[in-house]
Structure formats: C-alpha cells, structure tokens
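Report on one structure; see the data block that follows.
The values are calculated or read from the model by the stated rules, or taken from the named source; none is laboratory data. Computed from a predicted model, the values in this text were never measured in an experiment. Here Cβ is always computed from backbone atoms with ideal geometry, including for glycine, and neighbour counts include all displayed protein chains. These area figures cover heavy atoms from the full protein model, side chains too; ligands, DNA and RNA do not enter into them. Shrake-Rupley method; radii C 1.70, N 1.55, O 1.52, S 1.80 Å.
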Amino acid sequence: MAQQEAEATPRQLFELLMQAPAMIALLHGPQHVYELANRFYMEQVGQRDILGKPIRVARPELEGHGIFELLDQVYTSGQPFVGNEMPIELDRQQTGQREVCYFNFVYQPVRDGEGVVNGILVHAVEVTEQVRRRQKIQESESRLQRLVNSNVIGVSFTHLNGAIIDANERFLHMLGYTRDDVAAGRLNWSRLTAPEYAARDREALQEIKRDGAVSQPYEKEYIDKDGNRIPVLVGGASINATRDEIVTFVIDIRPQKQLERELRTAKGQLEAILQNAGDGITVHDVEGHMLYVNEVAARMSGFPSVEAMLAASSEVYHQTLKRFIVKDEDGHLLKPEDFPGRRALREGRSIQQLLHYYDSVTERSFWSFIKSQPIFNEEGRAQLVVNVLVDVSEQQALEQRKNEFISMASHELKTPVTALRGFTTILQRRLSRQGDEQALHYLSRMDRQLEKLSSLINELLDLSKMQAGTLAFQEENVNLTALIEEIVEDIQGTTTTHRISIEERADIRIVGDRDRLGQVLINLLTNAIKYSPEADRVIVRAVVDGEQARVSVQDFGIGIAEAHHQQVFDRFYQVTDPHEKTFPGLGIGLYIAQEIIRRHHGRIWVESSKGKGATFFFTLPLAKDVGQTTDRV
Ligand code: ADP
C-alpha cells in the first residue's frame, strides 16, 4: 500500500507537470533533443512534431534569438539560467506573421547519477500580456509627461485636501509662483481660487469623484501671487484609483477676455451711434424677421419705442404697419414685395427709393428716402438687408415749393416774352419797309436773344409739367430718319462754326411723339456745338440694331469725365471746371431728354472722356411690323 503510494506520487507529479499552465520541456544531450514537452508547451509551439528532434531542427524559428547559445552554455557550464521578460518572435498561428512574445524562464541543468549534466529542464511562463500592459501604462505616462512639460497649457496636480503637489512651468508662470513655492507647500487651492468660484469648483470636484473627470471645462478666476485676478478655463480629472489626486488643466484666457471687453465696448459704441443716428435703421433677414431696429425707425413705423416694436406680437406688428399707405414717387401704391428691402434681398443689389407714407390713423404723411443694402454670406447669397430710412419730408416740401415757383415763374415769363417776340416781328416788318438796315441788324440780334430766352422758358415749363406728371405725349408713326434730317438742317442754319454731317442713316420708323423726339435731337445737337468751341464738326449716326434704333451725336469738344456720365442726366446738373470757361444753361436739357426717351421705352447714355469729345446715344424700339402694315393699307 505504502509502496503503491510512493509509486503513485512521481506519476501524479508527472501528470501535474504535464497539465501545468507553464511551458515545461526536457532536453537531452548536447544537441538538446526534445525528450519531453508538456501540453502547454506543445500548444505554444503549435502542436508540431518536436519530440526526439534536436531543438535546432525542431524549432528553427528560434535561430538568432541567442536561445541555442544559451542552452549550450547552460549545458557546458552546468549553471542554471534565469531569463526575465525575454522577447521572442513567434508564429503561433502558423500564418507567417510573427509576433513578439515575452517569457520568464529557467534553464535548469539536469544531471545523471554521477552528477554529470545530461540534459536541461526548460520551464517558461509567458508574460506577454503583463509586459504589454506595462508598456501601455508607460507610454501613456510618458505622453502625459510630455503634455505637462510641453507647457502648452497649465497643468497642476492637487490633492483632495487642496494642496498643490506639483505643477508645470506654464501654470507657475501664469500665477507668478516658482517651483520653490510648490516645494514649500505655499500653493493650495483655497489660496489660488477667487472666493466666488469656490462653489463651482466644489461642484466640479463632486463630478470628478463620481465620474472621474469634469465633463465641461468652465471659466473661473485664479488669484496670482500679487493678488491679481487671472481669468482661466479649467478642466480636471482624477489620476489615481483612489481618486484623491486631481490633475487640472488650465488655459489662460486673458487675451480672449480682453478681446471680449473690446468687442463689448465697440458694440456698445456702435449701438449708441445707431440708436442716436438721425436716420431710421433696420435689419431684416431673408425670412423677413426684424433683427435690429433703432429708435427713429421704430417711431417712423408707428411704434412708441424700439422695445414696443420688438415686443409686438406678429399680429400687432402687421396691424401697425398696415396703418400706412405707401406710394412711390409716381403715386403708385407699393406692393409689399416691392419694398426696397425685399427687392434688395431678391435682386442681391443695393436699392434706393423715395417713398411717400400716409398714416391713416394720425392722418399725417411724410416722405422717406430708403436705401436698402443686402449683406452677403460666404457663398455670395444675400442673407440680411440693412435699411436706412431718411425722413425727407422737409426737402420734399421745399422741392415742391421750388417746383411751384418754377412753374409759376415760367408761366409768368412766357406771356411777356411771347408778346415781345410778336412786337419784334411787327417792328422787323416796319423797319425793312423803311430800309433801316442798322436798326434791322440790332433787331435781329434782339430776336435771337429772345428766342434763347423763350427756349429756356419752354424747358422750365416742360420741367414743371414733368414734375407734376402732366407732360403729354403723342403716339404717332414717326419717320425718325426724316426727323433727324430736318432737325440737322435747322440747327445747321443756326451755326457757322460747325458742320453737322449724317454719316449713317438707316430707314427708321418708330411710334412716338415727333415734337418731343425732335426736342431731344435739338438738345443733343446744340450741346454738341456748345461744348466743342474749338472743333468744327458734329457727326450724327442713325442705325438699326436688332429691334432697336440707335442714334448717336458725336462731337470733338471738351468731353465729360467718367464720374459725371450718370449725373449729367440729373436735374440742374452741370459739370463745372474752374479751368474752363463757363457755359450758359440751366442743366435741365438732358434731364428732359432722358425723361422723353424713357417715356418712349428707350435708353440714353453718353460715352466720353475728358478732353476727348463726347458721343451721346439713345435707343428707341422700332415700330412693330403690324403698325407698318396698317400704315400701308
Ligand atoms: P445745359 O443747359 O447746362 O447744357 P444739359 O442738361 O443739356 O444742360 O447738360 C448738362 C451738362 O452736361 C452740361 O452743363 C455740361 O456740363 C454737360 N454736357 C452736356 N452735353 C455735353 C457735351 N456734348 N460735351 C461736354 N459736356 C456736355
């Protein structure tokens, strides 16, 4: 029984070895022939047929790792070898992919009865997992260390009791402390934190205890060594398992705060300027929401104040705006979609318009000049519109009085001048009968002056009619070519200095007011002569371009600088140049010409540069074929 037990023990021991979760093998002889390998060992080498083979043959993959040499050394010296975390590249899955594995192992020499070494017992435990885990921790520690040392942000390590155990340069520099202060324990949370942030910090601490970290960085103020407040953004996390040490990340936000302050001041100033501006200012988005309104605009819109306007429900808002009947300059009712702001957004350009507002509640009315400027986003789409509303009622009233005066004065002047011209004709007849040549000469000069005077009066009369919207236009078939020839002949008769030539004369028929179109031609031709005192010719061209007739009058005179090209068509606008002689005139001829062409659905413009002469063009739509057919019938 006892013997049975004694025999069983080595057997059990053997079994134990064979089942052990460590790699165990017995190598025999100087060639280290595998005599035995336990199950775990076999698994690790990939169940290869290694028994009975020398290790160099059985496991060629170990070549180059110094393993064979080590075994030889243990065998010959009889000294055991203990390896620690020895890296070995293994292809366990037999996929051709080797991976580094780590082993702790013992090569124990085995001796025979005489004490001579005849084999080696290999005992190896794989520690790959542990090594990798440790490497990872080391890596992340060194990463943290690098982060701390990089000094990009301030970092401090605080104990739960508030003592600051360590901090990086950035942190210390920000608050004016030194490393010695840290070592002497002079830094602690309560000393650094402005009292009103204590509660927020405690909240953060609770969060760290609960979740391990602060979810959202927050703003607070530190107090530096000299007692100054330093605005910072902080975040924190616990860094050990017991969560009694906290790492705090700190970003100095003084520059941002300074910027914020400046922005606030600038915004405040801008706001003050906009609110106190004499003009109304509003800002709308594409959906029509009002984003901004100043006091003047709120009042103009019928609200007692900005607050009242912004607080108004959409119903009250629209009800209030409905009080106003809005018309354009020509007296046409303005549709909501045609308001300058809406158009500016739709058309993506600046719109200016003079509008007349009638408040049906107070029965007061006013004129407002509105300028709407779209503001574009990065893709170039209009996003907002800024409207500037200027109350021009006073100017309009003045304008009205001026118009009334012009109208009255020109009417009053017309009668005596007409009478004077009548009398000169009678006188002329009489004097020619008497054959008084000298008196006749003076009389004809007088008559020329009277003619100029009456044409000025006529211009003024036309202007006031235009203003009042009572300038009538005929609609008749006009042979434009014939009209041009006739007018050129008339004007040629009044000048000895210039020769007017028609260089192109297409056969042009249009529908319109013959006299008014003649007036346009007279104006262009007399201007061409008047503004080219040094030149001797004027060229007229009449061509057909698609559906349009295009007439041009070219002179070789003083020309008009680009900047005035638009303005010369404005009422009373005259280009003045101190270096040039002044030309007589009222500055309304081109204004009237433009109005006449506009009423004929045409366009008038000038091409010129200073000193290079000027060419005035106008276009008119050709008469439709239908009209001409009727003509022929
Ligand atoms: P005015 O009675 O002053 O001629 P217009 O309305 O006919 O008034 O012209 C407006 C202004 O345009 C003129 O005062 C002049 O400065 C300029 N202008 C008109 N035609 C010419 C031209 N052919 N060459 C140079 N300047 C011109």
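State which residue is nearest to S368 (Cα to Cα) when the search covers only region 255-297 and only residues that are touching a strand residue (DSSP E or B) at 6+ places or on another chain (Cβ under 6 Å) and open to solvent by 50 Å² or more (accessible area, probe 1.4 Å). Within region 255-297, the match that is nearest to S368 (Cα to Cα) is D279.
For every residue, the table says whether it meets (1) modelled with pLDDT under 90; (2) among the aromatic types (F, W, Y); (3) at positive phi; (4) out of contact with any strand residue (DSSP E or B) (no Cβ under 9 Å at 6 or more places or on another chain).
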residue	(1), (2), (3), (4)
E363	no, no, yes, yes
S372	no, no, no, no
Q383	no, no, no, no
Q396	yes, no, no, no
Q400	yes, no, no, yes
I406	yes, no, no, yes
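Looking across M86, M18, one residue alone is surrounded by 12 or more Cβ atoms within 10 Å (Cβ to Cβ) and in a helix (DSSP H, G or I). It is M18.
Of the residues making up region 93-110, just one is more than 15 Å from R132 (Cβ to Cβ), at pLDDT below 90 and open to solvent by less than 70 Å² (accessible area, probe 1.4 Å), namely G96.
Going by the conditions given, is E437 over 26 Å from L620 (Cβ atoms), of a type in the set (D, E), at pLDDT below 90 and open to solvent by 70 Å² or more (accessible area, probe 1.4 Å)? Spelling it out, it is not the case that E437 is over 26 Å from L620 (Cβ atoms), of a type in the set (D, E), at pLDDT below 90 and open to solvent by 70 Å² or more (accessible area, probe 1.4 Å).
The C-beta contact set for region 28-52 (first residue closer than 21 Å to R111 by Cβ, second residue among the small types (G, A, S) and open to solvent by less than 40 Å² (accessible area, probe 1.4 Å), distance under 6 angstrom, 6+ apart or interchain) comprises H28/G119; Y34/A58; A37/A25. Here Q130 fulfils each of the conditions (1) touching a Ser or Thr at 6+ places or on another chain (Cβ under 8 Å); (2) open to solvent by 80 Å² or more (accessible area, probe 1.4 Å); (3) farther than 19 Å from A237 by Cβ apart from (1). Restricting to region 111-127, and then to whatever is part of a strand (DSSP E or B) and farther than 25 Å from E61 by Cα, can you tell me which residue is most open to solvent (accessible area, probe 1.4 Å)? Restricting to residues being part of a strand (DSSP E or B) and farther than 25 Å from E61 by Cα, the top hit is R111. Take F616 and tell me if it is closer than 30 Å to N477 by Cα, near the ligand (Cβ under 10 Å from one of its atoms) and not β-branched (V, I, T). Considered against the rule, which asks whether it is closer than 30 Å to N477 by Cα, near the ligand (Cβ under 10 Å from one of its atoms) and not β-branched (V, I, T), F616 comes out as yes. Here I375, I426 are screened, and the one residue that is part of a helix (DSSP H, G or I) and either within 30 Å of V293 (Cα to Cα) or more than 39 Å from the chain's Cα centre (by Cα) (or both) is I426. Of all the listed residues (V74, V57), the sole one being at pLDDT 90 or above, crowded, with 17+ Cβ neighbours inside 10 Å and in a helix (DSSP H, G or I) is V74. For T496, the conditions (1) more than 16 Å from the ligand (Cβ to nearest atom); (2) modelled with pLDDT of 95 or more all hold with the exception of (2). Screening S501 against (1) in a helix (DSSP H, G or I); (2) surrounded by fewer than 17 Cβ atoms within 10 Å (Cβ to Cβ); (3) of a type in the set (G, A, S); (4) in contact (Cβ under 8 Å) with a residue 12 or more places away in the chain leaves a single unmet condition, (1).
Here I457 does not qualify as without any contact (Cβ under 8 Å) to a residue 40 or more places away in the chain and surrounded by 16 or more Cβ atoms within 10 Å (Cβ to Cβ).
Summed over region 148-173, residues that are open to solvent by less than 70 Å² (accessible area, probe 1.4 Å), farther than 20 Å from A198 by Cβ and not charged (D, E, K, R) total 7. Every listed requirement among (1) open to solvent by 100 Å² or more (accessible area, probe 1.4 Å); (2) under 14 Å from F249 (Cβ atoms); (3) assigned to a helix (DSSP H, G or I) is met by R202 save one, (2). It is to be established whether one or more residues within region 340-362 are open to solvent by 90 Å² or more (accessible area, probe 1.4 Å), hydrophobic (A, V, I, L, M, F, W, C) and under 39 Å from the mean Cα position of the chain (by Cα). Looking for residues that are open to solvent by 90 Å² or more (accessible area, probe 1.4 Å), hydrophobic (A, V, I, L, M, F, W, C) and under 39 Å from the mean Cα position of the chain (by Cα), one finds none in region 340-362, hence no.
Contact map, region 516-533: first residue of a type in the set (K, R), second residue within 9 Å of the ligand (Cβ to nearest atom), Cβ cut-off under 9 Å, separation 6 or more or different chains; pairs are R516/I592; K530/G557; K530/F583; K530/P584; K530/G585.
For region 504-529, a residue qualifies if it is under 18 Å from H600 (Cα atoms), open to solvent by less than 60 Å² (accessible area, probe 1.4 Å) and within 11 Å of the ligand (Cβ to nearest atom), and the qualifying residues are V520, N523, L524. Inside region 174-195, residues that are free of Cβ contacts under 8 Å to residues at least 12 places away in the same chain and open to solvent by 70 Å² or more (accessible area, probe 1.4 Å) make up a count of 5. Anything in region 535-564 that is in contact with a Leu (Cβ under 7 Å, 6 or more places away or on another chain), more than 8 Å from the ligand (Cβ to nearest atom) and open to solvent by less than 40 Å² (accessible area, probe 1.4 Å)? List them, or say none. Those that are in contact with a Leu (Cβ under 7 Å, 6 or more places away or on another chain), more than 8 Å from the ligand (Cβ to nearest atom) and open to solvent by less than 40 Å² (accessible area, probe 1.4 Å): V538, A542, A549. Considering only region 565-613, state which residues are free of Cβ contacts under 8 Å to residues at least 60 places away in the same chain, more than 7 Å from the ligand (Cβ to nearest atom), outside any strand (DSSP E or B) and open to solvent by less than 80 Å² (accessible area, probe 1.4 Å). Listed by number, the residues that qualify are H565, Q567, F569, D570, D577, E580, Q594, G602, S609, G611.
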